[in-house]
Structures are given as C-alpha cells and as structure tokens.
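Here, each number is a calculation from the coordinates, and none is a lab measurement. Being a predicted model, the structure only gives us computed values, none of them experimental. Cβ sites come from the backbone with ideal geometry, for glycine too, and all protein chains shown count toward neighbours.
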Amino acid sequence: MNVTTKAKIDLRTGVIELEGSEEFVSKYLDEFKMHFESAPILRETDKEKSIAKAGTRKKPHRPATSGEHKKVGPKKIEVEEFEIKGNSKAKIPSLKNFLEEKKAIESSPKTILAVGYYVTQLLKKEEFSEGNIEFAYKALGLKGRPTHLHQTIINKKNKAAWFETGSDSTHWKVGRVGQLYVEEKMPEKEAS
C-alpha cells in the first residue's frame, strides 16, 4: 500500500507544502528546519494585532529583505544534441519512429521516459540530460513540453521510480522500473 504523507508550513503565508512518501517528506522537512532555525520568524506587532481586531487592518509596508525570494519561472535549459536519425546497421530506429512505435507522444512524461530510454539504452549513453529532452522536443517539433521539465522528471522519479539521479541535477538515468515500462507497457495494450 502506497501511503502519502503531507506537510504544510505557513510562516505567515510563506507557505511550503510537501506531499509524497514519508521518507521524502521527512527528508525535506529536516532540510527546511535547518533554514528556519536561522531565519527570523515574522510576527505581527501589538499595533497590527489591535488594528486587525478593529477590522480595519492595513498591511504594513515592509521593504523586501535580501532573504526574501521572488517567484521565478522555470530555468532555461541548454539544448544538448544527440543522434536522432537512427542507425540501420546497428538496428536503431530514428527517434521519431521509436516515439511513434511506443506511442510516447501522447503524454509528456512518457515522451520524456522514451527519449531517456532511447539515449541510454539504444545509443548506449550512461545517462540523459534535460538538454537532450529539450533537443528532442525542438528537433521533432513535439508539442506539450512541460514548462517545469525538471519537476516533471522528479515527480516521476518519486512516484513511479522511472528515473534515478545522474551525475548532477540536470542528468538522469532511466531506472529499472522505467526500462521495464518502456519495454513491456509501451504502447499500452488495448482492452479486448
């Protein structure tokens, strides 16, 4: 049975929410605790409390401090090319044909898995990169690339064990579960 654990930290609407296995949540809670112990906790002053009770609370102007973070979009991924034309002598199909055969274009996580499999299993590279995924989407003109590619890979790593961490934060290996999924369940068999 797969148990999901949740944690929510508010620190006066600086909200951090975690959801996943107990091990995953515990790991990041411990990491956040270290950061919170050294950071000042924001508290309302007595004056702010009395204004709030009177129902006329105005949010006090507070200049941004160096410790505060602004929302940022996804990081730019540098394209990393690889051979997508295939090799008939080595019996390697083109990436396009491989994705079509596996019906991997229907879902972005499946596309990512299939491209990772293609790079690591068929092209015999030790790992694939987020730049390889970016290249595949651009070179083949694929639609539906996740805006937060890195997070999509992490989610499938944690929930389905399709991926394993590679040599750095942008490199990945296809886990054994991911390999078996591509080999045995792609394309999914239609119910008769």
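Take every pair of alpha-carbon atoms less than 8 Å apart whose residues are at least six positions apart; their mean separation over the length of region 72-150 yields a relative contact order of 34 percent. With 18 Å as the limit, the listed pairs LYS124/LYS173; LYS6/LYS76; LYS85/LYS125; LYS103/LYS185; LYS110/LYS143 have LYS6/LYS76 beyond it between alpha carbons.
Once you have a ≥ b ≥ c as the square roots of the Cα gyration tensor eigenvalues for region 95-185, tell me rounded if a/c is under 1.5, and otherwise prolate or oblate according to whether a/b is larger than b/c. It is rounded, given that a/c, with a ≥ b ≥ c, falls under 1.5.
Report note on the peptides 181-187, 155-161, 86-92: ranked by the mean count of other C-beta atoms within 10 Å, highest first, their order is 155-161, 181-187, 86-92.
Full extension of the chain between LYS124 and GLU188 gives 20.6 nm of extra length, using 0.36 nm per residue less the Cα-Cα distance. Annotation for GLU83 and THR165: the two label points, set 7 Å from Cα along the Cα-Cβ direction, are 3.2 nm apart.
Compared with the alpha-carbon gap, the fully stretched path from HIS148 to GLU101 is longer by 14.3 nm at 0.36 nm per residue.
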